[in-house]
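Structure first, then comments.
Rule-based calculations on the coordinates, nothing more; no lab input. Predicted, not measured: the structure shown is a model, and the values here were computed from it. Neighbour counts run over all protein chains shown; Cβ positions are idealised from the backbone, glycine included.
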């Protein structure tokens with residue numbers, strides 16, 4: 001089996017999130033196919049959190065850079081020459097950007113047998129034509145959910161909670177909280193309403209995209225709606241679940257979720273370019289771009 005790690009950083013405004021994710025997934029599928037030999041499947045990694053930098057891997061040299069005429073894209077390879085898959089990936093990413101109105105992207109492919117490759121495409125924003133670089137930092141959106149559940153599982157290992165504990169044991173006033181478990185929340189089977197579907201929330205998000213929402217604000221929005229279903233049923237993607245788990249982390253660790261991520265994940269992993277901004281606001285390290293990441 002050929003192993004290939006793909007990291008994509010796609011830049012855009014939050015209100016175009018659905019279009020971004022469509023193009024991002026399309027590009028990821030193309031990249032995966034491009035660096036996998038016939039008859040073999042590619043293994044992809046999709047876990048990150050907080051804010052990430054787009055730096056190329058330290059294990060490889062930057063190699064020789066090239067620029068694709070008329071596209072504003074540039075690429076580097078760790079082996080000093082482009083891998084065989086680079087041209088196909090470049091064409092696919094550029095098409096996905098065009099089809100989904102995405103201004104810029106940074107792509108890193110790490111393949112033990114086919115070489116490492118990094119490509120930067122387009123610009124950081126529509127308003128300013130500043131090319132993206134591998135040193136730019138990106139917000140990674142819902143990939144943070146994976147790290148939230150990671151800390152929850154750490155706390156389970158430490159005996160500080162159990163997966164079958166009801167959320168009411170830690171957080172009051174959750175609809176059906178006596179029957180919604182920690183596992184239900186992490187598995188997206190709580191049945192709770194996701195605040196991100198609320199019309200008022202989305203209107204505010206469009207008008208004030210950098211608003212720092214307090215957890216209770218988001219829970220109040222979610223709990224103003226009836227639950228979708230009893231807990232433990234079908235998978236139902238719900239951002240409310242992660243807000244609750246974050247509050248559980250803060251209650252049991254005595255620190256903010258941001259501090260818990262830093263102490264329990266980023267520092268042990270030596271992820272020096274990763275952070276989870278606190279509740280006061282964005283505070284992204286420079287250079288920063290508004291966008292999403294798929295790894």
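Over the range 77-173, consider all pairs of different Cα atoms and compute the Kirkwood hydrodynamic radius from their mean reciprocal separation; express it in Å, one decimal.
It is 17.3 Å.
Treat each spin label as a single point 7 Å out from the Cα along the C-beta direction, and report the residue 263 to residue 150 distance in nm.
So the two model labels end up 1.7 nm from each other.
Please work out the FRET efficiency for the pair residue 252 and residue 227, using the Cβ-Cβ distance as r and a Förster radius of 30 Å; give the result to the nearest 0.05. If you can, show how the numbers build up before the last one.
Working: r = 25 Å, r/R0 = 0.83.
So the FRET efficiency works out to roughly 0.75.
Could you pull the Rg and Dmax for the range 145-254, using just the Cα atoms, both in Å?
13.8, 43
Which value in nm describes the separation of the simple spin-label points at residue 168 and residue 272, placed 7 Å from the Cα toward the beta carbon?
With each label placed 7 Å out from Cα toward Cβ, I get 4.9 nm.
By how many nm would the segment from residue 84 to residue 128 grow when fully extended, if each residue of separation counts as 0.36 nm and the alpha-carbon distance is taken off? Let's see the in-between values first.
Numbers: separation 44, 0.36 × 44 = 15.84 nm, distance 3.30 nm.
Contour length minus the Cα-Cα distance gives 12.5 nm.
Once both labels are modelled 7 Å past Cα along the beta-carbon direction, what's the residue 157-residue 204 spacing in nm?
According to this spin-label approximation, the distance is 3.7 nm.
Just rank 134, 180, fewest to most, by other beta-carbon atoms within 10 angstrom.
Details: 134 18, 180 25.
Sorted ascending by nearby Cβ count, the order is 134, 180.
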